[in-house]
Amino acid sequence: MIEQLDTDYLIIGAGAAGMAFADELVSTSDTVRIILVDRRATPGGHWNDAYRFVTLHQPSLYYGVNSESLETSPDHRASADEIIAYYARVLDKLCETGRVRFFGESDYLGEGRFRSKANGGQEVQVTVQRKTVDATDSRVTVPSTRPPEYSVAEGINSVPVNALANLEREWSRYVVIGAGKTGIDAVLQLLDLGTDPARITWVISNDVWMINRKMMMPEDFAKETTKHLRAFCFSRSVEDYFRRCEEAGWFMRLDPSVPAPRFRCATVNSTELQALRTVQDIVRLGRVRRIDSTTIVLDGGTIPTDGNVLHVDCSADGLVLRPERPVFDGSHIILQPVTLCQPAMSAAFIGHLEMTDMSDDRKNNMAWPCPHPMVPRDYFQSIHSMGHNMMAWSFRQNRWLMTRRLSAMTHISFWSKVWAHLGFLLWFFGAALTVKRFLRTYEEADG
């Protein structure tokens, strides 16, 4: 027999986005009722599968939910264990209101129905009075949850990055496969364990632009953002823009002499970058296609290997670029980033918009999706969409941004806020025109 339930909001997914959205609704309304459904037993999404030595790449100030602090200091970056414990506390607080129910280990079947694996396959039909919310759109994947896309010969030692948390022996060499955030973390973990950089091989299919974490620190945010807007205005081309950003120390590359065709919001500080640069055996031969008993076969060639080498898979896509769709669509909401590389803040902001008395068209005009970038073109497209959103926000939305912990503006001083607003007034429109020019350049190149 199918159990019948009734709620105002049915949220599919209890990861960063779903939890931030639910928290905003409960904090804003004294009556709203929510059912949270997740395939995992506990909230926190992909953090439940993450490698134990991972930390946030950005300050904890900007992650989690608005009503509960995660940070212990301005520069704190929470570990996976801290984040999992944090979301457990947040869920308990939400459920204690009596207006939120959590159904873990449950598969959503569509049309308001889900099946509980924890309850013998019991199916539940939910009558949704207001909205069904998809909080799974980002499709975050980590290496531990799926096999590598390349084949591995018998006798070859290949492990996901998680294994670096508990190495039981030393290996003659370590081959790290992947240049994104996970690959960066794997190399830094090996170095932290005292591994000689000469014993590390790093397979990089495409070099990436990395963001200097200093730009995200509260004491630097307003000043650096103003300078960044100004740099946009004076940039003559995409190449000139990245040159200026690199010279200012905002963006960094592993090797300044090697082009970086990728931009995925990977964030490091200068100390971490110097550590990464101690690894000299960098393989730039494209993607790994297979690992044979004596060779690693890549798009552009081969390199030797053997059974005494540990191959560390860091090639999962993580945050996959998804097609843009309206956030608000009648009885459905699709949680998507509406600010660049800030999924938690974006979801909370969408929750704020949902609690306002506006039409879907007006809400969507304030919430153009800013897809997580893969390449520089995506980065500029997200900057363009975020600029549009900022211009569409009313006084109410700007006041919300000034008072919520997930917003960087909350963590800076009064005079820094004044400086940021002056910089915005002086340079925003010129920067917006430059971004449009860059996007036209890409369109013209496409023919």
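The values are calculated or read from the model by the stated rules, or taken from the named source; none is laboratory data. Just so you know, these numbers come straight off a predicted model, no measurement behind them. No Cβ is skipped: glycine too gets one built from the backbone with ideal geometry, and neighbour counts run over all protein chains shown.
Let's see how each residue does on (1) out of contact with any Lys or Arg (no Cβ under 6 Å at 6 or more places or on another chain); (2) farther than 21 Å from N157 by Cα; (3) assigned by TED's automatic domain parsing to the domain that holds P371:
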residue	(1), (2), (3)
A275	yes, yes, no
T278	yes, yes, no
R289	yes, no, no
T294	yes, no, no
I303	yes, no, no
N308	yes, no, no
P323	yes, yes, yes
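Mind listing whichever residues of the stretch 214-252 are part of a helix (DSSP H, G or I), crowded, with 19+ Cβ neighbours inside 10 Å, among the aliphatic types (A, V, I, L, M) and in contact (Cβ under 8 Å) with a residue 40 or more places away in the chain? Residues satisfying the conditions are M216, A222, L229. Give the stretch 21-48 a look and list any residue that's among the aliphatic types (A, V, I, L, M), under 17 Å from A348 (Cβ atoms) and either touching a Phe, Trp or Tyr at 6+ places or on another chain (Cβ under 9 Å) or modelled with pLDDT under 95 (or both), or say none. Residues satisfying the conditions are A22, L25, V32, I34, L36.
For the stretch 371-447, the helices (runs of 4 or more DSSP H) that sit wholly inside it and include 1 or more residues that are within 20 Å of the chain's Cα centre (by Cα) are 376-392, 395-403.
Is it the case that A88 is outside the structural domain of I184 (by TED's automatic domain parsing), part of a loop (DSSP other than H, G, I, E, B) and of a type outside the set (S, T, N, Q)?
For A88, the condition - outside the structural domain of I184 (by TED's automatic domain parsing), part of a loop (DSSP other than H, G, I, E, B) and of a type outside the set (S, T, N, Q) - is not met.
Residues considered: S382, S394. Of these, the only one that is hydroxyl-bearing (S, T, Y) and without any contact (Cβ under 8 Å) to a residue 40 or more places away in the chain is S394. Taking the stretch 36-60 as the range and being over 14 Å from K93 (Cα atoms) and of a type in the set (A, V, I, L, M) as the test, the residues that pass are V37, A41, A50, V54, L56. Scanning the stretch 62-95 for residues that are surrounded by fewer than 20 Cβ atoms within 10 Å (Cβ to Cβ) and within 18 Å of G18 (Cβ to Cβ) yields S67, E68, I84, A85, A88, R89, D92, K93, C95. A single member of A163, A186, A179 is in contact with a strand residue (DSSP E or B) (Cβ under 8 Å, 6 or more places away or on another chain), part of a helix (DSSP H, G or I) and crowded, with 19+ Cβ neighbours inside 10 Å, and it is A186. Name the one entry in M345, M358 that is in a loop (DSSP other than H, G, I, E, B) and either in the same structural domain as V65 (by TED's automatic domain parsing) or surrounded by fewer than 18 Cβ atoms within 10 Å (Cβ to Cβ) (or both). When all the criteria are applied, what remains is M358. The residues listed here are H311, H352; of these, the one that is in a strand (DSSP E or B) and either in contact (Cβ under 8 Å) with a residue 60 or more places away in the chain or buried (at least 20 other Cβ atoms within 10 Å of the Cβ) (or both) is H311.
Table: residues versus (1) assigned by TED's automatic domain parsing to the domain that holds G307; (2) of a type in the set (V, I, T); (3) closer than 25 Å to R284 by Cβ.
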position	(1), (2), (3)
S151	no, no, yes
I177	yes, yes, yes
G183	yes, no, yes
A186	yes, no, yes
L190	yes, no, yes
A198	yes, no, yes
K227	no, no, no
C233	no, no, no
